[in-house]
Every structure is written in structure tokens, then in C-alpha cells.
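This report concerns only the one structure given below.
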There are 2 protein chains.
Amino acid sequence: MKRTIEDINYSETANSLARFAKALAHPTRIEILHYLDSQSCCFTGDLVEIFPLAQSTISQHLKELKNAGLIQGELNSPKIKYCINQENWNKAQKLFEELFKKNLGDSNGNC
Amino acid sequence: MKRTIEDINYSETANSLARFAKALAHPTRIEILHYLDSQSCCFTGDLVEIFPLAQSTISQHLKELKNAGLIQGELNSPKIKYCINQENWNKAQKLFEELFKKNLGDSNGNC
DNA sequence: TTTATTAATCGTTAATTTACGATTAACTAT
DNA sequence: ATAGTTAATCGTAAATTAACGATTAATAAA
């Protein structure tokens, strides 16, 4: 990313959406969220068993989801229990809803 | 991406969602979609004027949106008119809707 | 206190992404 | 035919991402 000019000022919406989208931009992370949903919560170890990926890789994916705010971890020593961060999940839901809501009309045949 | 083991079998849903999410994972592309929405369609040149980015960079972003199926281009020589690909847009909308719909309950206090 | 368990972090490597300028291709218009 | 316009593509560089194994940190159990 070789930006020469000053950074672009994107709208807050665009930045947030892109941030959430980025967190969702990997099938493993989608599957983790699906699992998290079906179980309501889970431990890192559960996922390591499910996915044919190294423990460190799963940890990395969890970190990204956590950094994006979509999930949260709670110490349940010596394990860590992860679950959806409902507040941000709802935020993300709204943002995507807004994004897709728009293009409904297109009834004006200028396209 | 140094996968040593055979590739993982993700669900079709996970793959599609991740694919769409990836296309949405950059603020410039979100803004392009917003603009495309407000104008119903536009030319590459319009975007080059709006964003402080090189023409080739805009082209690249358009290519990604096109590859993900979210937009489509139509020759309008010597320009190219882009607009939302309604069919895939609706598909994406449904996928995200499904993803977010799930976690509503959480009324079972086991988290 | 030592040993196990669990998961994060570190260090590395390969691939991908994002940006750029330069070039090319496809048309239009002169 | 020649010149102009528009946008894709090429080649490149820097940053980021995704994977791994190894190590570390934190806690529980013995």
C-alpha cells in the first residue's frame, strides 16, 4: 500500500462497514461464527478440533474477530469462552442492512 | 497462505459470504457502491474525479467488485458504464441477512 | 513445588492486496 | 489515416494476511 498523497477521508459508515466486512472475509471466520451461533459459545479448543488448522491459526482468526468487535472472550480458566458480541453484531447487522437496502428501486430505467 | 494439508471444505454459504465480504472489505469499494447507488450508475472517469486515487487503482477496485459479481460494466464507447448487478446484490443481501438473523435469541442465558 | 492444560504470542514464509506510473487497446472524431 | 479519449492491463513496490511450528503465560491439579 504505497499511498503518496495524504490519507483519504472515508465516511464513518464506509470505514465501519469495510472493517466488519474484512473480518468476515474468510470462510474459516464465517464458519467460526456459524458454530458460535449454533453453540451460543465455545472454547478455542473446540474449534481446533473442528478445523484442520493449527491452534495458532485458529487463535489468529479469533483475534481478528475479536479486534473487529464481533466476538468476545471470557476467561474460564484454563479455557477461554468465546461468544458473539451482541452489541457490535447488531451494529454490523444494521450497517449491512443499510448498504443493501438502498438498491431496491432501480425502477427508473436509466441503467 | 502456506497450506500444507489438503484444502478445507467450507460450506458453500461460507465461501460465498467470504467472497462477498472480501469485495466489501475496503472503504473505497464501499464508497464506490454508495455512489453507484446514488447515481444508479456511473463511468470509471466519474470515480477517478471523486477519489484522490490513480485511474489504475480505481480500475482495480472496479475489477474486484466486478469479479465478485456485485457490479457489472456495459460498454458505452469510449466509456464504460457501471451499475449494481442486481441479481448478485440480492444474493449477497440474503446471505448477510441469514448470517445476522441467527443470533437474535441468546435468551438462553448460557453465555 | 512441580506438572499439565489451554490458548495467546512470536518469528517466519508465501501469497495476496493496494497503490502507483506507464503502456496498450478499443473506439470516436477529425 | 491520424489524433484523442477512455479505461483496462502490466510491472513493480510495500504492506498486509494466512498459514505454520515453537515458545510463553496463566492457571489448575498433583
- Message: Pick from A:P52, A:P78, A:P27 the residue whose mean-square fluctuation is largest in a GNM of chain A, springs joining Cα atoms under 10 Å.
- Response: A:P78
- Note on the structure: Tilt, helix B:55-67 to longest principal axis of chain B (alpha-carbon atoms), in degrees rounded to tens, equals 40 degrees
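Pop out the Kirkwood hydrodynamic radius of the protein assembly as shown from its pairwise C-alpha distances, inverse of mean 1/r, in Å to one decimal.
Numbers: mean 1/r = 0.0529 Å⁻¹.
In the protein assembly as shown this quantity evaluates to 18.9 Å.
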- Query: Taking the Cα atoms only, what angle lies between the long axis of helix B:27-39 and the longest principal axis of chain B, rounded to 10 degrees?
  - Reply: 60 degrees
- Task: Divide, for the stretch A:12-96, the radius of gyration over alpha carbons by 2.2 N^0.38 Å, where N is the residue count.
- Result: 1.06
- Message: Just to be sure I understand: with springs between alpha-carbon atoms less than 10 Å apart, which residue in B:F100, B:F20, B:F43 has the highest mean-square fluctuation in the Gaussian network model of chain B?
- Response: B:F100
- Query: Most fluctuating residue of B:L99, B:L24, B:L36 in a GNM of chain B with Cα springs under 10 Å: which is it?
  - Reply: B:L99
- Item | Cα-Cα over 31 Å, subset of A:K63/B:K81; B:K22/B:K79; A:K94/B:K81; A:K81/B:K101 | A:K63/B:K81
- How much mean residue ellipticity at 222 nm does chain B get from its helices, if each DSSP H run of length 4 or more adds -39500 (n - 2.57) and you divide by all residues, to the nearest 500 deg cm²/dmol? -17500 deg cm²/dmol
- Rounded to the nearest 10, the angle in degrees between the Cα long axis of helix A:86-102 and the longest principal axis of the Cα atoms of chain A comes to 30 degrees
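Please give the length that would be gained between B:N9 and B:Q55 if that part of the chain were fully extended, namely 0.36 nm times their separation in residues minus their C-alpha to C-alpha distance (nm, one decimal).
Working: separation 46, 0.36 × 46 = 16.56 nm, distance 3.77 nm.
Gain on extension, B:N9 to B:Q55, equals 12.8 nm.
The numbers here are math on the coordinates, done by the rules we state, and not lab data. In this text, all values refer to a predicted model and were calculated from it rather than measured experimentally.
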